[in-house]
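Accompanying notes for the structure given below.
The values are calculated or read from the model by the stated rules, or taken from the named source; none is laboratory data. Quantities reported herein were computed from a predicted structural model and do not represent experimental measurements. Quick reminder, even Gly has a Cβ in these numbers, built from the backbone with ideal geometry, and neighbours come from all protein chains shown.
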Amino acid sequence: MSNSHLSYLPEDDETENEHEDEGEDEEEEEDDDDEDYVPPTGIDIVPQNPLSDFVQHASMENELQEQGADGFVPQVPANAAPQIIEVEDEEEQEEDRRRRREQGEASSSSSKRVVECEENNTTTQPNLNDVVGTSCSICMECWTSDGTHQSSCLPCGHVYGKSCIEQWIRQCGRHYGKCPQCNRRCTLKEIILLYPPPIVVVDQTMIESHEARIKSLESELEYYKFTLASRDMETNQLKAEVARLKNVSLGQSQEEPSEFIAMRERYQEECIYGQSLSSNIGQWGSPLCHFVLKEELGLAGARIFDIDTSSQILILARRLSGMGGAHVLTKISLMYPHENEDIQLPPSTRAVKDLHLSPSSGRLSLLAFLGKKLSVLSMESNNIVLSYDLPVSAWSCSWDLNSPHHIYAGLQNGMLLVFDMRQTSRPMESLNGIIEKPVHAIYSLVNDSAPPSGTRTVLSASAAGPCVWNVGDSGVRPFLVPELENQGVCMSLAYCSSTDDIVASFRPDGTTDSQLSPSPSPTALGQGIQGSHVLVKRIGSSGYQNLGSTSATISKIRIPRSTIVKVGACTTLFAYGDDINRELCLRELPSLRVIQKLQPHQYPILDVKYAHSSGPGLLGCMSEDKLQLFSARVS
């Protein structure tokens, strides 16, 4: 190759200086952009050599000359020393061209593989902003709709928590900062607060509902464990129990064998509070159950209560302390017994004399007021949904077990009123009692056989004794339960629908009826006299048989409360409050022997209730300042 094909084009010094000045200006303008520049990944940066450019131009000239190109003049950098390029023969040139083509294809395929790999990584890896679209990418905490961590964005569009991006910009140490994701310049004044309608926040209500659901499931688990054990025991005893009952007559139950008399004497020596007999078998061969304290709640001014285990709710009537204290209802959830809700009652209703939750569902409560009112309260809305005006004060009330629409009210003058809740104007029936004394207890009896059309049986109690009413049959007057005449003044009545057991409590006639008070002071209730508990068995729809009685201490001036407890296949129990010792006593039926005495109270026991749905149920007793709930344990 001849030197005539090589030419040098030195640049003028002034021209070179002008270009250098212009370059300095451009560098000053783009200085900030150069700081933000990030070289792309996957691209190799190869430094350039002016001599290698010169040789490359020379080689290209030879190739163009061989192809017939004319007038090619290579550009040589200024101040470059002349170089002599040796001309290779045609074979070496051909080999050199082939080698360069192979290298070019190899580098091209390598670059292509790098690009494909980057694309695959981009498609397979999820975008963090798509996955965590509800949280700040700086602190990874959820955004809030207001406050210091309110959702905000920069002019570039990236969203952060307000406090996080402000702190980020301040930490840059300048009057401006850069976006953590795109490095675009931004200032504090350019932060934009966002107010989107759908904002994702932590649902605390949902968390609390889940916690409540967990506790409810734990309670159900304990209940099912107890039910399973009770069912297993009941299955093993059914055949033996049926065989025994066939050979035992009701008349024989009045007499206690000598072995049970000895057991009674031994119990009186061994019995202590909260413990039962060492024997675990009842008089009829059924297992005994004892009760253990499950919950104890402090109250003020309590009077009467009721429990519904199916809906896990408890309601009680209280009178607030102070002169002219208001009467309120307190609603307590059995799942959270230490949380309660008070329901204010109208002043005109006066005190609540009796209350009962609906047996079909715990959503309604029946209330008997001394202010001549019979009302139905909604447990969901805490409002009175139905109210009847009465001629005199109501002392007792009851739901009809055979019809969810019928309710009963026992009045102070001895009358029994029957209401149909579908008729709100007046009672369906108004029945006169045997004597004009308050009806202090009402029980709806379950019809074992098909009764005459519209006829229902109601059991009540007044001072004359337990009384039977045939509601719907105007031709039949109420009558006293046979074999309970001349027992004294009836002070309390308990009835169990599953066993048809009736226990009536009497005191002697020495205390006149006029001394009874509708609302005696709880502090003066610790006085008692010797009375009796009498057990009666209902046989069929119209028969009654006296099974025996036992002596007990009965209050002289108030209406005591009692209940009958039936837990699965266990022996039936009678629970009542002992006014002298201020404790809850349990007696076995039909022997009426004491098998357990529970923890005493500071004040006399005012009310006793037992409730169950399909499990062991709860036994509750209440004094003026305390409510105790007991659960059954099979011995």
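Of G285, G324, G298, G251, which residue is exposed (fewer than 15 other Cβ atoms within 10 Å of the Cβ) and at pLDDT 85 or above?
So the residue among G285, G324, G298, G251 that is exposed (fewer than 15 other Cβ atoms within 10 Å of the Cβ) and at pLDDT 85 or above is G298.
May I ask you to list the residues in region 423-441 that are among the acidic types (D, E) and more than 11 Å from Y408 (Cβ to Cβ)?
The one that is among the acidic types (D, E) and more than 11 Å from Y408 (Cβ to Cβ): E436.
Whether any residue in region 449-456 is at pLDDT 90 or above and crowded, with 19+ Cβ neighbours inside 10 Å is what I want to check.
No, region 449-456 contains no residue that is at pLDDT 90 or above and crowded, with 19+ Cβ neighbours inside 10 Å.
Just checking, does region 195-210 include any residue being farther than 30 Å from Y544 by Cβ, out of contact with any His (no Cβ under 8 Å at 6 or more places or on another chain), modelled with pLDDT under 70 and not β-branched (V, I, T)?
yes
Could you list, in sequence order, all residues of region 151-180 that are out of contact with any strand residue (DSSP E or B) (no Cβ under 8 Å at 6 or more places or on another chain) and either among the hydrophobic types (A, V, I, L, M, F, W, C) or surrounded by fewer than 15 Cβ atoms within 10 Å (Cβ to Cβ) (or both)? Don't jump to the end; show me each part of the working.
Narrowing region 151-180 to residues out of contact with any strand residue (DSSP E or B) (no Cβ under 8 Å at 6 or more places or on another chain): 157-158, 163-164, 166-167, 173-175.
Matches in region 151-180: G157, C164, Q167, G173, R174, H175.
What's the number of the condition S360 fails, among (1) among the small types (G, A, S); (2) out of contact with any helix residue (DSSP H, G or I) (no Cβ under 7 Å at 6 or more places or on another chain); (3) buried (at least 16 other Cβ atoms within 10 Å of the Cβ); (4) free of Cβ contacts under 8 Å to residues at least 60 places away in the same chain?
(3)
Scan region 581-635 for residues that are closer than 23 Å to G362 by Cα and assigned to a loop (DSSP other than H, G, I, E, B) and jot them down.
Passing the criteria: L606, H612, S613, S614, G615, P616, G617.
Which count do you get for residues in region 619-635 that are crowded, with 22+ Cβ neighbours inside 10 Å and among the charged types (D, E, K, R)?
Qualifying residue count, region 619-635: 0.
Between a first residue in region 142-157 that is without any contact (Cβ under 8 Å) to a residue 24 or more places away in the chain and a second residue that is buried (at least 16 other Cβ atoms within 10 Å of the Cβ), which pairs have beta carbons less than 7 Å apart while being 6 or more apart in sequence or on different chains?
T148/K162; T148/S163; H149/W143; H149/G161; H149/K162; H149/S163
Which residues, counting only those in region 135-147, are of a type outside the set (D, E), in a loop (DSSP other than H, G, I, E, B) and over 9 Å from C164 (Cα atoms)?
Within region 135-147, S137, M140, W143, S145, G147 meet the criteria.
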